[in-house]
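Below you'll find the structure, written out as structure tokens, and then a few comments.
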Amino acid sequence: MKKIVSTDLAPKAIGPYSQGIVIGDFLFASGQIPIDPKTGQLVTGEDPIIAQTHQSMKNVKNILESQEMTFDNVIKTTVFITNMDDFAKVNSIYGEYFKGDFPARSCVQVAKLPKDALVEVEIIAHK
């Protein structure tokens, strides 16, 4: 049986999809772009890729916590970035959120992301 994930602590879906789906002990979270769930706006900062990566990871964290999970439960991530030259910064910030046993990961450069975000992170987690 599938359960729809919905939390006010992550951005609302901006299309015909859910923030995530739980099936059994698995959580499949939709990609999280760096939208501040309080304002509904894309975050910026002195260094936009740093600010946006942190916000995307915070959004993932909030979806995990809504299902009583943590980053320790994540088994697979996919990171989308619009410029592979940002990989080192994104990778460094990404690493701050995982401790010890790292999940499998893919990281790909894409031409464009929704709302002109610079980064998007999706996860699969297991309880």
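Descriptive notes on the structure:
- One residue stands out among those in region 18-53 that are among the hydroxyl-bearing types (Ser, Thr, Tyr) and within 15 Å of the chain's Cα centre (by Cα): the one that is least open to solvent (accessible area, probe 1.4 Å), which is Thr53.
- Only one entry of Val90, Val60 meets the criterion of being out of contact with any Phe, Trp or Tyr (no Cβ under 7 Å at 6 or more places or on another chain), within 19 Å of Asp25 (Cβ to Cβ) and among the hydrophobic types (A, V, I, L, M, F, W, C), and that entry is Val60.
- Highlighted here are the strands (runs of 3 or more DSSP E) found entirely within region 1-51 that include at least 2 residues which are without any contact (Cβ under 8 Å) to a residue 24 or more places away in the chain: 2-5, 20-23.
- Restricting Glu65, Glu122 to residues that are part of a helix (DSSP H, G or I) and modelled with pLDDT of 95 or more narrows the list to Glu65.
- Leading residue by the ranking (farthest from Val43 (Cα to Cα)) among those in region 69-127 that are free of Cβ contacts under 8 Å to residues at least 40 places away in the same chain, open to solvent by 50 Å² or more (accessible area, probe 1.4 Å) and acidic (Asp, Glu): Asp101
The values are calculated or read from the model by the stated rules, or taken from the named source; none is laboratory data. Predicted model, so just to flag it, every value in this text is computed and none were measured. Cβ atoms come from the backbone with ideal geometry, glycine included; neighbour counts cover every protein chain shown. With ligands, DNA and RNA removed, areas are computed over all heavy atoms of the protein, side chains included. Shrake-Rupley method; radii C 1.70, N 1.55, O 1.52, S 1.80 Å.
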